[in-house]
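A short write-up of the structure that comes next.
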Amino acid sequence: MPDIRHSRQLLLIAATATLAACQPAVVATPAPVNASAAAAPASPIGPTSLAPVEAGLRDYVRTHHEADIALLERAVNLSSGSQNVVGVRRVGDLFASELTALGFTVRWAEMPAGMRRAGHLVAERTGTKGPRLLLIGHLDTVFEGEGQRFVRQDTIANGAGTSDMKGGDVAMLSALRALNAAGALEGSRIIVVMTGDEESAGAPLDVARRDLIDAARRSDIALAFEGGRAARASISRRGSSSWTLTTTARQGHSAGIFSAGAGNGSIYEAARILDAFRRELSGNPTLTFNPGLIAGGTSVARDTAGTAFAVAGKTNIIAPKTVVNGDLRFLRESQKDSTRARMRAIVADHLPGSDAEITFHDSYPAMPPTAEGGVLLSRFDAVSRSLGYGPVEGDPPESRGAGDVSFVAPYLTGMDGLGVSGRGAHSPEESVNLNSLRMASERAAVFMYRLINGVR
Ligand SMILES: [Zn+2]
């Protein structure tokens, strides 16, 4: 290792995007929501066996399983990274033709060209029967360029977007097809929104999510088809936001550090603040704040993407500037606000000779647990039992990243995780369990049937 003490150091620090939207966070097997104070009722609401018409929906899905897989293959083989405007639109066109055939009025919600996002597929059936349903999917994948193509091996299929979330989109369409074949869509009120930029939302966010929020304002219940598991669904997700801490100090000779004249430098000020965050604010599993990137020295220059810094400094110089980028995840907006106030107070308690400021940037709102969400989960639990797939409990909110359903949560009752099960989301090894496509389609079909017809 070279002697670096007096050499100019040039570092390039790169961080991955902080808002990997659909990826479940890595946490040690937390307790399900039902076990906590924010519990949903543990018992099912509604029949736990199938009515004849519901058995017909299940059989329709099973009969058309290979056709569903073929549709998924076509969708996966259209590369559609969030910034691939043409590719995302092609996936949208593919699903639009399916929805048109089911009696939906389909439109494409364009985004301004400067956002470099394709826009969203919005499809609607107007009627007077049952609650107004909002079905949420997304057309984009986390991979830009040519994604992994669809390769099937028995009941597993690999490929970009197989589980996140073209598989979920196909499950939604499969359920709608089964309902349509049974005449059960007649009179129903359903809006489908498949966003084109879920994995990397366009900026500004209020433009990128306006169509989705408009649809939510005209709906009662949102069902989102992000990846799911047989025994779990999500009625509560944490919100996420980001922050930037900048500390500054007088530059000077390292030999004088801690003296009244030289002060403590920007790096010690940043260390003080981060350690105080950890000591004073950690311990609540619903609240996390992670410094993902830190850069300090005599010069600190951020790249245009905001994920890399060029940093220079010397060990014999007291560093005048340090920048830290982090996230903040929370279960309630009030928790976000009070945490930010405490972080600001910690930042303001400067070491001698240094200064600091922190700025916050909103991203995904929180989707806190609600009684209505608990009832929805219990109705879904009954549907799952009816189909022989066993009980369903609520996902602990801290076990998932934020998702599009979070944007609509302030306006209606939402549930996520109705999609397919897979492995390796956000990696080149992404795959889907095709049996879960059938399960997700059957459960969505019977669930929507019961919601539309008030079966409980
Ligand atoms: Zn996703």
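The values are calculated or read from the model by the stated rules, or taken from the named source; none is laboratory data. Bear in mind that the values here come from a model prediction, so they are computed numbers and not experimental data. With ideal geometry, Cβ positions are generated from the backbone for all residues, glycine too; neighbour counts draw on all protein chains shown.
Structure data summary
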{"quantity": "Boolean, A301 is crowded, with 18+ Cβ neighbours inside 10 Å, within 30 Å of G256 (Cα to Cα) and either in the same structural domain as T248 (by TED's automatic domain parsing) or in contact with an Asp or Glu (Cβ under 9 Å, 6 or more places away or on another chain) (or both)", "calculated": "no"}
{"quantity": "Yes/no for P352 being in a loop (DSSP other than H, G, I, E, B), in the same structural domain as V446 (by TED's automatic domain parsing) and either in contact with a His (Cβ under 8 Å, 6 or more places away or on another chain) or in contact (Cβ under 8 Å) with a residue 24 or more places away in the chain (or both)", "calculated": "no"}
{"quantity": "Any chance I213 is in a strand (DSSP E or B), more than 16 Å from the ligand (Cβ to nearest atom) and either in the same structural domain as I136 (by TED's automatic domain parsing) or surrounded by fewer than 24 Cβ atoms within 10 Å (Cβ to Cβ) (or both)", "calculated": "no"}
{"quantity": "Lone qualifier among R400, R385 - being more than 12 Å from the chain's Cα centre (by Cα), in the same structural domain as N158 (by TED's automatic domain parsing) and among the basic types (K, R)", "calculated": "R385"}
{"quantity": "Residue match in the range 324-344 (condition: more than 30 Å from G403 (Cα to Cα) and β-branched (V, I, T))", "calculated": "no"}
{"quantity": "Residue among E110, E124 that alone is surrounded by fewer than 21 Cβ atoms within 10 Å (Cβ to Cβ), acidic (D, E), within 20 Å of R90 (Cβ to Cβ) and out of contact with any Lys or Arg (no Cβ under 6 Å at 6 or more places or on another chain)", "calculated": "E110"}
{"quantity": "Scope the range 77-97; condition outside any loop (DSSP other than H, G, I, E, B) and surrounded by fewer than 22 Cβ atoms within 10 Å (Cβ to Cβ); matching residues", "calculated": "G81, V85, V86, R89, R90, D93, L94, A96, S97"}
{"quantity": "The range 163-197, residues that are farther than 21 Å from S97 by Cβ, in contact with a Gly (Cβ under 8 Å, 6 or more places away or on another chain) and within 16 Å of the ligand (Cβ to nearest atom)", "calculated": "S163, D164"}
{"quantity": "In the range 217-276, residue surrounded by the fewest Cβ atoms within 10 Å (Cβ to Cβ) [restricted to those that are in a helix (DSSP H, G or I) and acidic (D, E)]", "calculated": "D275"}
{"quantity": "Among (1) surrounded by fewer than 24 Cβ atoms within 10 Å (Cβ to Cβ); (2) of a type in the set (D, E, K, R); (3) within 17 Å of the chain's Cα centre (by Cα); (4) under 18 Å from G414 (Cα atoms) - the single one D206 does not satisfy", "calculated": "(4)"}
{"quantity": "Residue in the range 340-347 that is assigned to a helix (DSSP H, G or I) and either farther than 18 Å from T246 by Cβ or among the aromatic types (F, W, Y) (or both) present", "calculated": "yes"}
{"quantity": "Residue within the range 385-400 that is assigned to a helix (DSSP H, G or I), at pLDDT 95 or above and more than 16 Å from the ligand (Cβ to nearest atom) present", "calculated": "yes"}
